[in-house]
Structure formats: structure tokens, C-alpha cells
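The values are calculated or read from the model by the stated rules, or taken from the named source; none is laboratory data. A quick note: this is a predicted structure, and the numbers were derived from the prediction, not measured. Every residue, glycine as well, gets a Cβ built from its backbone with ideal geometry; the counts of neighbours run over all protein chains shown.
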Amino acid sequence: MNVSIVIPNWNGEERLRRNLPKVLEVGDVDEIIVVDDGSTDGSVQLLEREFPKVKLIKKQKNSGFSSTVNLGVKEAKGELIFLLNSDAVPARDCLKFILPHFKDPRVFSVGLNNGGSWSWAKFEDGYFWHYQSKEKTPKIHQTLWVSGGSGVFRKDIWEKLGGLDELFDPFYEEDLDLGYRATKRGYINLWEPKAIVEHGKTKGVIEENFSKSSVSAIAQRNQLLFIWKNITDEDLFMQHKISLIKKLLISPKYWSVLISALGKMGKLRSKRLREIKDEAISDKEILKKFKD
């Protein structure tokens, strides 16, 4: 199967300079695409000058992670899409461990090992919480979702799902949302421990460009959007409504999070209806399967 690497970039000149030469050494790759999300540093000039083999897609205006990745996937020729953040460096041989999994047509995505493990979730106090397992294992494991910063995705299923939901821009929850939607439709996400990837130890693009308070506000807003869109079980959703009211009474500052999320409600309604229509596996079945 053909593989396209897609790397979203925003003001990542130094990360690209440091990491892209190593990405070019990864085997079994047919093309590498960098989608620049309106950078104001020297990213574009660097790519044009030093990396002529890399396909560069330039956006004039910064719009966020999901829309940037979706553009790259749309332009990619590969049957498989290898998503990498600009600070991620996969092992040269990582794909030899990943590609065999896609012989199973049910497999949608395969995540790489960055020193962690597979992901799981729980619904507690009316909210959906997701975690990475603390168990270290050499065994392949099903996972609830695969990180958009280092994962391989089957393009035809990606397109059926509609890709990353730009509702979550500028960042956070979009890859969880994609994996959850795939799981509810009966597709499989895997974690492959032999496929190694390293992520940079320096600050990432979010830390460099957003304050801690902004990051927290976006994360809390997107947590609400994820629940409102994807949790279709009536009992769980009622638990969420009750908890949301309690939280607003206890923490008046949470009103700003709610108002921000409600601003997306117009786009969210139709998405929730689609999730109800296309559901093959219930929320409770998923939560039972993907528990620690």
C-alpha cells in the first residue's frame, strides 16, 4: 500500500530543520507533504530552499490543526496517511511493523509507540475522560484512538468519516473524536509497540503560541463539544446535563467555557444526528471495552 506522510506546520522552522532530514530517511514512504498553516517565521523559505523533495502546501491564513491536516490528506496520493507533528521523529523501520496490520480491512488506524501505551476512557461525574494506559507491554493492543501527531490512517475510511472535525480547531480532542467515531462504526484502532517514534523535548507549537489559560479554555470547550456530539446514550447524556448544571453553580468561571461551546451549536446539531444514525456500537459497549 502506498504511504503519504503529512506534516502540519505552524511557525516550526527550527523543528523542521532539525527533524525533517530524519523523516526523509523513513522507509516505505511514497511522498512527504508539509502543509504550512500561515507561518510567519522562515518555515516556507526553509522548505523551498532545503527540502525540494517535500511537497509544500501553503495556506495564507492560520486556521488550526484539523483544517490543516485535512487539506494535506485531501492532496495526498497514498492509500495510507502517516500523520506526524513537526517535532516527531519515527524510526526508519517503523512502517514494516505497521503496514501488515492494514491487511485487515477493518483496521482504520495504527498508533506508534512514543514511550507510552494504548488509550482508554471512562465516563465519570457526567464527563468523558480519556487516558493513556500505564501498563508497559510488548504486545499489540486495541486502542480507543490514535494520536494525530504520530499515527497511520487508512485514507478511504478517513474520507467516509469526514476526516478531522474542524469544529475542534485550533486544537485538542480532534483525534480522539475521529478514533471514537471510527470505533462506534465498528472499525479498529491499534497501538503497535514495535513502531517507535520520538517527540521533541522542547516546547511544542501550542506552548509557544498560546497562554496556559487559553489552552485550558480551549481544552474544556472541546471536552464539551466532544460529549455533545458523540455521547448518544440517553442515560449518560442525562448524567452529563446534571453534572454540567452543578459545575456552573459551583464554578461561575465555567460559564465562559459553556458560552464558547454553545457558539458552535449550530454546526454541532447535524453532526450529532449523524452519529446517532451511523452508530453500530453503543457508548456503554465502548466504555466497557476500553477501560483500564
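Structural remarks
- Selection status of Glu192, under 15 Å from the mean Cα position of the chain (by Cα), closer than 28 Å to Asn230 by Cα, at pLDDT 95 or above and among the charged types (D, E, K, R): no
- Of the residues making up segment 245-292, those that are hydrophobic (A, V, I, L, M, F, W, C) and either touching a Cys at 6+ places or on another chain (Cβ under 8 Å) or buried (at least 16 other Cβ atoms within 10 Å of the Cβ) (or both) are Val257, Ala261, Leu268, Ile286, Leu287, Phe290.
- Residues of segment 64-99 satisfying the condition of being in contact with a helix residue (DSSP H, G or I) (Cβ under 8 Å, 6 or more places away or on another chain) and among the small types (Gly, Ala, Ser): Gly64, Ser66, Ser67, Ala76, Gly78, Ser86, Ala88
- Of the residues making up segment 51-64, at least one is of a type in the set (Ser, Thr, Tyr) and out of contact with any Pro (no Cβ under 7 Å at 6 or more places or on another chain).
- Test: residue in segment 70-87 that is more than 16 Å from Trp158 (Cβ to Cβ), modelled with pLDDT of 95 or more and over 16 Å from the mean Cα position of the chain (by Cα): no
- Where helices (runs of 4 or more DSSP H) sit wholly within segment 12-102, those with at least 1 residues that are under 22 Å from Asp169 (Cβ atoms) and in contact with an Asp or Glu (Cβ under 9 Å, 6 or more places away or on another chain) occupy 13-23, 43-50, 65-75.
- Some residue of segment 103-120 being exposed (fewer than 15 other Cβ atoms within 10 Å of the Cβ), over 20 Å from the mean Cα position of the chain (by Cα) and assigned to a loop (DSSP other than H, G, I, E, B): yes
- Scan of segment 101-146 for residues that are of a type in the set (S, T, N, Q) and farther than 14 Å from Ala182 by Cβ, ordered by number: Asn113, Asn114, Ser117, Gln132, Ser133, Thr137
Every residue, every condition in (1) surrounded by 21 or more Cβ atoms within 10 Å (Cβ to Cβ); (2) touching a Leu at 6+ places or on another chain (Cβ under 9 Å); (3) at positive phi, yes or no:
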| position | (1), (2), (3) |
| --- | --- |
| Asn19 | yes, yes, no |
| Val23 | yes, yes, no |
| Val26 | no, yes, no |
| Asp41 | no, no, no |
| Ala91 | no, yes, no |
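- Any hit, segment 196-209, residues being surrounded by fewer than 15 Cβ atoms within 10 Å (Cβ to Cβ) and modelled with pLDDT of 95 or more: no
- Tallying residues that are closer than 21 Å to Leu224 by Cβ and within 20 Å of the chain's Cα centre (by Cα) within segment 124-136 yields 5.
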